[in-house]
Every structure is written in C-alpha cells, then in structure tokens.
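Shown next, in structure tokens, is the structure this report addresses.
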Amino acid sequence: MRAQFVFQEIWIGLRRNLTMTISLVITVAIAMALFGTGLLIKSQVDDSKSFWYDRIEVSVYLCAKTSTTQACNKQDVTDQQRTAIESQLKNLPQVADLQYENKKQAFDRFKERFSGSPGFVESTREGDIPDSYRIKLKDPSKYEEVAKVARGLAGVDQVINEREILKRFFKIMDGLQWAALLVALIQVVAAVLLVGNTVRLSAFNRRRETGIMRLVGASNTYIQMPFILEGAIAGLIGGLFASVLLVFSKLMLIDRLAGNVEMVSQLGWGTVIAVIIVSICFGVLLCAVASFLTLRRYLRI
Amino acid sequence: MVLNRRDAAVIHFDNVTKVYSSQTRPALQHVNVAIEKGEFLFLVGPSGSGKSTFLRLILKEERPSQGHVHVAGKDLSRLSNWKVPHLRRRIGCVFQDFRLLPNKNVFENVAFALEVIGKPRRFIGKVVPEVIDLVGLEGKAHRMPDELSGGEQQRVAIARAFVNRPMILLADEPTGNIDPATSIGIMKVLDRINRTGTTVVMATHDAAIVDAFRKRVVELEDGRVVRDQSRGVYGQAY
C-alpha cells in the first residue's frame, strides 16, 4: 500500500468537507475534554479519599463555658471528668489511638489546615475551638459505637466524625465527575453521528473514485482506508485540542481548587498525561470505528 | 470436443439465468457461451436484451440466479468475496461514459488504476507512458480530461483498463458517445489490444462497426442467445 497516495486521498477528503471536519473536530475535542476531566476528578477524589481516610479522626470536644449544649450547662469540664473520659475512651476496644488536644494545639492545627484561606483563619480566635480528645479508630465504620459511649460521659460537649464532613465534600466531587462524564457521553453520541455524516458525505463526494477503484480491483482495505483514516485523523486533531483543554483544566480548575481547599495530595502531571493519552486514543478509536461502521452501509464493495 | 472447448475458454457461461429481484422477466435465460482466449467478440442486441448483465456477471458484480459463470477456469460462485478484487485486476473495463476523474490529468487517470492496487511508483512511471502511446495519445499525458475530445477521452479510459495488462477487456458500448469517424480509431485501438492476446468482449449497437470487423457475434434478445456466429454481421444476415 502506498502511503503517499493514501494520505493524498485523505487530505482531499478532509478538505472537501472542511466544515463537517471542523464541527467533528470541535465535537470530539469537547467530548474528550469532558471525558478526561471526569477521569481527572475521579483520580483526584480517589487520591484525596485515601489520604483523608487514613487520617480520619473522631473529635470528642469537652465542655467549655462558651458551649451552648445543655449537657455542659455553661461549665468548663473538670479535671476529674477529664481523667474519667480519658480512661473510659482508652479502654474502648474500637479505639486505636487517643490524643488530647488543648485549645492552643487545636488552633494551630486549624491555622495550618486552612492556610490557603487567610480570611477564614483571621476570623477565628484561639479559644474558639475547645479542648478535645482526638480518637483514631481501628475501623472507621465503628464510629457510632464509640460516639454513643462518648456522648454519655459527663463533661463531653460534642462528638464529631470528620468522615461525615469529608463525605459531603466527596459527594460534590463525585457529582462533578458524573456530570462531566454524562455530558461527555452525550457529546460522544453527537460525535459518532457526525462521523457518520462526514463519512457518508465523503463517500458520496468520492463515489466516482471508489467506483473506479472497485472496477480495477483495489482491495476493500485500500478503498476503505482513506475514509477510516479520515475519521481517525479528525479524532486525533480533536483529541489534541482536548489535551490542551485538559492541561488548562488541570491548571485553572484542579490546582486552583487545591489552593483553596487544601487537598494535600495534588494531582500529578503523570496522571494528567495518562488521562490525555487515554482520551486521545479513545477519540481516535471512536472515530475510526464509527467511520468503519458507516462505510459498511454507504460504500458498496 | 465440447469439453476441450470449455477447457480452453477464458469465459464460460454454463446455462446461466439471471433474474433481478425487482423484475419478473429474467435478464438472461439459459445462456451458454464459451469465449476462448484471444477472441474478439461482439455482443449485440437491443437495449434491455441483457448485454450489460452479461458483462456484470463476468465481473461478479452480479451473481447468476441459476447456472455458473467461469472466468479463467474458475467458477465465480465459488470465488470468495475477498478474492473478487483479484479477479477484477485481470479484467479491464471500458464504458460509454468514459468514467475519467476530472481533477486528474491523462497520466494520473491511467496511473490511478495501478496506484490503487499498490503498484510501486517506478513501475507506474515506466508502464503508464507506454500504454498512453499504445492508445495513440503521445504527448497528451498532461492534458486534463476536459481538454480532450470524446474519442481521446475514451482512449484514456482504454489505457486505464489495459495498463495492468488484463486477460480480458470488457467494453460496454465504447463508441456509444462518439461519432463514426472517431469510432474507427477507437476500434483500431481495441483491435491492437486484442492482437496482444487479450480477449475482448464488446457490447455494442453500432451495426457499421460490427459489419466492418467481421468478428464473432453473439446476439441477445430478451435475455436469450438468438445467434452465435463467427465472422458475423450486425443485422439478420442469414
């Protein structure tokens, strides 16, 4: 097979229905960019999940004068209560580790975690966060059993499971991911239909050539190859545009998001490149297969 | 004797009937024709008598409803689809409407037939000019089809059909769009090709040409062979 000849035919084909090709490239680019963004969000969520779930703690806040709950009765926790709480919690079989955190430590940790949003930190003063016991659980799902015991102890203000807070955040990220993938799916359908139309037009435009090719005994592969490659090249160009969009979304969306809400685990460029490669291959394959299937209907061999 | 004739035949229609699904009347009925290697055969008969169907069956563009078509000793009904291109490489085709590519010049039009079957460029560069000379278009290799007369365009089409040195050349009314004086030139080219040993099957309405050439004539009427005559004429000469 003579490559130069085939590429010349492809070039003619692409140029002849330029507007179709452009719309195809745009559709593929958007589809693949959304598909890739979905994948990026997914890997970001997975990374963050494992990072956070390793560090998940249950915070048992102790009573302070500022507390509004009835159990505290606007009283600071007494030393006696504190020792009782500590020994009770330590003896629970579900508890892996127990740490006491005073107001100063709590505030320092808060400052560190939200260093990305200085306004938030400034509006908080030391002492706003009460003393607490931070419990690491052997099995995070056993949270309720521990919380029940802790709530029953005198001098305990509130029991907060960090996992619940993170869950809400991850739910939003999951939603974003599925939204991106859903729109990508719709675009993929549009892309397939566009490939179909482009190839049909192309086959119609070149019916004279293909008729002669058939007549002089060109093989089916030879006749179909320019059309399939035409689709594949449009897919490739679309995929390249998509990769530019993905780099942008890494820089503008994910990095910025990570700056605001400290995600600690940053999505590396390695993942981005992997996602780009997957998206481009998917785009090329999608267009090539769609061309091939359309050809079977419109190009009599 | 009959068997020998069949063995030597390059095209053999063995009791072939063709009925198109959209029509009730058969396009060909019980046709038995054996064409030997190197023969020149006129296929005559009115429009709709089955001449085109006859040619299409040889190319395996159609399948017979009954009977068998053998080309080069092979039963086409047993030829798998992916081998059909190889069959067509051994058969050249010329049509009434030339079927040239308007955006390619003479050389490119002829070379196209070799390019699409993957022949190397050096081979094309050597063979194409030879064939262009053979059909009498010396010095016109770089003309575009719309710069050529009808007769010259048909010569290009013949060059394209012959450039791969086929065993068989099928011509479907090659002089149908050409004035009588020019037709003689076209016939001379076909005769020249026939003399290289290529079997030529030409469907035609042109009585003057058939009468002048005195080759074998097969006449079809309503899909039936009504006459098969060596050195025949167009009309009812018997």
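The values are calculated or read from the model by the stated rules, or taken from the named source; none is laboratory data. Keep in mind that what you see is a predicted model, and the values were worked out from it rather than measured. Positions of Cβ are generated from backbone atoms using ideal geometry, with glycine treated the same way; all protein chains shown enter the neighbour counts. Calculation scope for accessible area: heavy atoms of the full protein, side chains included, ligands and nucleic acids excluded. Shrake-Rupley method; radii C 1.70, N 1.55, O 1.52, S 1.80 Å.
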Taking Cα atoms, the helix B:106-115 axis meets the longest principal axis of chain B at an angle in degrees (rounded to 10) of 60
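Assuming R0 = 35 Å, can you tell me the calculated FRET efficiency for the pair A:A274 and A:F169, based on Cβ-Cβ distance, to the nearest 0.05?
Values: r = 24 Å, r/R0 = 0.70.
In this case the efficiency is close to 0.90.
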Ignoring ligands, DNA and RNA, what accessible area per residue does chain A give at 1.4 Å, in Å²? 53
Looking at chain A as a GNM with Cα springs under 10 Å, which of A:T37, A:T68, A:T271 has the largest mean-square fluctuation? A:T68
Just to confirm the number: angle between the C-alpha axis of helix B:121-134 and the first principal axis of chain B, 0 to 90 degrees, nearest 10? 70
Relative contact order for chain A: what percent, with Cα pairs under 8 Å and sequence separation of 6 or more? 33
Apply 1/(1 + (r/R0)^6) to the Cβ-Cβ distance of A:F7 and B:K126, taking R0 = 25 Å, and write down the FRET efficiency to the nearest 0.05. 0.60
Cα Rg over Rh - the protein assembly as shown, Kirkwood: 1.35
Placing unit charges on C-beta atoms (Lys and Arg positive, Asp and Glu negative, everything else neutral), compute the dipole magnitude of chain A about its Cα centre in debye, rounded to 20. 1640
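So which helices of chain A fit the span-like rule, where a helix is a whole DSSP H run, its Cα atoms reach 27 Å or more along the axis, and its mean Kyte-Doolittle is at least 1.6?
A:269-298
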As a test of the formula, what do you get for the protein assembly as shown when each DSSP H run with n ≥ 4 contributes -39,500 (n - 2.57) and the sum is divided by the residue count, at 222 nm and rounded to the nearest 500 deg cm²/dmol? -17500 deg cm²/dmol
Pop out the carbon and sulfur fraction of the accessible area of the range A:56-162 as a percent, whole number, probe 1.4 Å. 48
Label-point gap, in nm, between A:K104 and A:S141 - each point 7 angstrom along Cα→Cβ: 4.1
Interface size A-B, as summed buried accessible area [1.4 Å probe, Å², nearest 100]: 1900
Report the label-to-label distance for A:Q75 and A:N220 in nanometres (one decimal), using points 7 Å from each Cα along the Cα→Cβ vector. 8.9
Just the accessible area per residue of chain B, please: how many Å² with a 1.4 Å probe? 46
Roughly how crowded by other chains is peptide B:81-90, in terms of the mean Cβ count from those chains within 10 Å of each of its Cβ atoms? 4
With +1 at each Lys and Arg Cβ and -1 at each Asp and Glu Cβ, the charge dipole magnitude of the protein assembly as shown around its Cα centre, to the nearest 20 debye, comes out at 1620
